[in-house]
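Reading through the structure tokens given below for one structure.
The values are calculated or read from the model by the stated rules, or taken from the named source; none is laboratory data. These figures come from a predicted structure and were not determined experimentally. With ideal geometry, Cβ positions are generated from the backbone for all residues, glycine too; neighbour counts draw on all protein chains shown.
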Amino acid sequence: MTRRVYINAAGAIEIDRHFDKSYKALALESIRRMEKRFSAIEPEAVVVSSMSPESMGEQIGLAGVIADYLGLRRLKVFRVEMGEASGLAAIMASYSLIASGLVNRVLVIGVEKITELATSHIVRVYSMIGDSEYMGLYGISPASEASMIAKLYMARYGYSYEELFKWPITMHRNAVRNPHAQLKFMIKADAYRDSPIISEPLRLLDAYPFGDGASAVYMSSKPGDVAAEILGIGSSNDAHDAVSREDPLFFSSIRESFGEALRMAGINRDLINYLEIHDSYTPYSYIILESMGFAERGEAPKRFSPDTSSIDRVYVNLSGGLKARGHPWGATGIYQVYELFQILVGGWNPIGVDMSNGYAAAQSMNGAGAQSYIAILRRAR
Amino acid sequence: MAVRDSPPRIWRLRDILYRIKYAKCRSCGYMFYPPRISCVRCSSRDVEVMISKGLGTLVEYTILYQVSSRFQDSAPLIIGLIRLDEGFNMYGQVVDIDPKDLRKGMRVEAVLRRLRVDGSSGLITYGLKFRPAIGVHHGRSS
């Protein structure tokens, strides 16, 4: 019999080019933001999610260094790394620590510094998420894989680039209402015209921005006065690259992890009101929604409503998503959980729709659905 | 940034850099690249590794401008999705062609090219890229 797991507090800092802040400083700041709402933090374990502190900060064993700096000693310390999906993988690992009864309280910190290096070096590090004996070796960057998938998607389902571009426009509009988003500005319908091509047809405005960030959540076996409960959590993996799979335009790892999380929560998909998804590149947003079953294959661009940022009665990425909130790699999944927490119990209501009594889900993945993690949360009752 | 390629690593990768080894599932017939010890489609462990002739068709392509620092000297890169004649897909760099002449469905062949140069005193790594097929295929296993 596993135990129930709650999120008692969460905090995050603005995603930005924090040239003046180290990994330690970012982590500390995220905890200070959390403590504004919750003072009694006494973790028995610290789990740090970070994708590439070795390459970006020349730091191995980041979790130990951060825990020590924060004055958190004589406890269990781990770092979780699953590429871009590290954040939700860290939530899953922390969930397991508590559900199993090994510990009662875990502090999870997602932290990443990306803007330490010039863009080409950031791309070199980011490209390490691909198989280094294949994609990395031949310079097949994640953006080029996303572009290939975009072209295959457009050709199979008959969409123009302009038709898909409503996603970034919507994400930028959402980010304006999100205090911790990196790109808090609107873009016009034809903004792509002036946006540099990163890998044709995808432009800079189709990709997440490079930024530094940190977010923290405090998890425990007790709900306390107010908390969100992790009702379900699922994960699955697939062939690491998209084109060795039978169908590169449907991410099975997402379907499987969502099914697992829904079964664990004991609900069906229709009950989900709010969703944060891993839209690292425009085409992925649609494929994710289709792989989760919120639209038939090839239908998500038609079904997604930019006016309400919703699909099939589910609000999606009110944070602005990876596209405009930002994507500080290993911290991103923790930002998503922070946003769910804010919607459910933190009083954040960016569009004037009260979702505090609903079900919310966060979806994270590495690469093009190579590994996926999904968590379903609800206000504890 | 000085990147130092590892001589043992590049030596060890010779089968990947100089040949295209793919896997074929004896159980369901599915073919995939790179090889794994179980089938990507049916998970059977009864797979055999084979060597491609390196001839194929360009299914899709993209021109990559935002390249890794490792490939800055050759930017922009043409990245192709290639369907090899044996029946599997792989990504690869496409060379010897002006981007405006690229066509989906064009025939391509693997060719050995310089992949990267590690500074002025480091290793020069060669590997396979794809060029428009010129109609004459050299060598036994690309």
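Contact annotation: residue pairs with Cβ atoms under 8 Å, 6 or more positions apart or on different chains, pairing a residue in the stretch B:109-129 that is under 19 Å from residue B:20 (Cβ atoms) and more than 11 Å from chain A (Cβ to nearest Cβ) with a partner that is of a type in the set (A, V, I, L, M) and surrounded by fewer than 16 Cβ atoms within 10 Å (Cβ to Cβ), are B:109/B:134; B:114/B:124; B:126/B:112. Scanning the stretch A:183-198 for residues that are of a type outside the set (Gly, Ala, Ser) and in contact with a Phe, Trp or Tyr (Cβ under 8 Å, 6 or more places away or on another chain) yields a total of 4. Condition first: without any contact (Cβ under 8 Å) to a residue 12 or more places away in the chain and either under 11 Å from residue B:87 (Cβ atoms) or surrounded by 18 or more Cβ atoms within 10 Å (Cβ to Cβ) (or both). Now tell me which residues in the stretch B:14-31 satisfy that. Passing the criteria: only B:29.
Restricting the stretch B:44-78 to residues that are among the charged types (D, E, K, R) and within 14 Å of chain A (Cβ to nearest Cβ) leaves a set whose member that is surrounded by the fewest Cβ atoms within 10 Å (Cβ to Cβ) is B:73.
Scanning the stretch A:189-217 for residues that are assigned to a strand (DSSP E or B) and away from chain B (no Cβ under 12 Å) yields a total of 6. Annotation: residue A:256 fulfils all but one of (1) closer than 26 Å to residue A:304 by Cβ; (2) out of contact with any helix residue (DSSP H, G or I) (no Cβ under 8 Å at 6 or more places or on another chain); (3) within 14 Å of chain B (Cβ to nearest Cβ); (4) part of a loop (DSSP other than H, G, I, E, B); the unmet one is (4).
Inclusion of residue A:334 among residues that are outside any loop (DSSP other than H, G, I, E, B), over 21 Å from residue A:127 (Cα atoms) and of a type in the set (A, V, I, L, M, F, W, C) is warranted. Looking only at the stretch A:117-135, filter to residues that are of a type in the set (Gly, Ala, Ser) and more than 8 Å from chain B (Cβ to nearest Cβ); which one of those is surrounded by the fewest Cβ atoms within 10 Å (Cβ to Cβ)? Only one residue tops the list, namely A:132. In the stretch A:319-354, the qualifying residues are those that are in contact with a Leu (Cβ under 7 Å, 6 or more places away or on another chain) and surrounded by fewer than 24 Cβ atoms within 10 Å (Cβ to Cβ), and the one that is farthest from residue A:228 (Cα to Cα) is A:351.
Each row is one residue, and each column tells you yes or no for (1) in a loop (DSSP other than H, G, I, E, B); (2) polar (S, T, N, Q); (3) surrounded by fewer than 24 Cβ atoms within 10 Å (Cβ to Cβ).
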{"position": "A:18", "(1), (2), (3)": "yes, no, yes"}
{"position": "A:28", "(1), (2), (3)": "no, no, yes"}
{"position": "A:46", "(1), (2), (3)": "no, no, no"}
{"position": "A:55", "(1), (2), (3)": "no, yes, yes"}
{"position": "A:68", "(1), (2), (3)": "no, no, yes"}
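Within the stretch A:263-285, the residues that satisfy the criterion of being surrounded by fewer than 24 Cβ atoms within 10 Å (Cβ to Cβ) and either assigned to a helix (DSSP H, G or I) or modelled with pLDDT under 95 (or both) are A:263, A:264, A:265, A:269, A:270, A:271.
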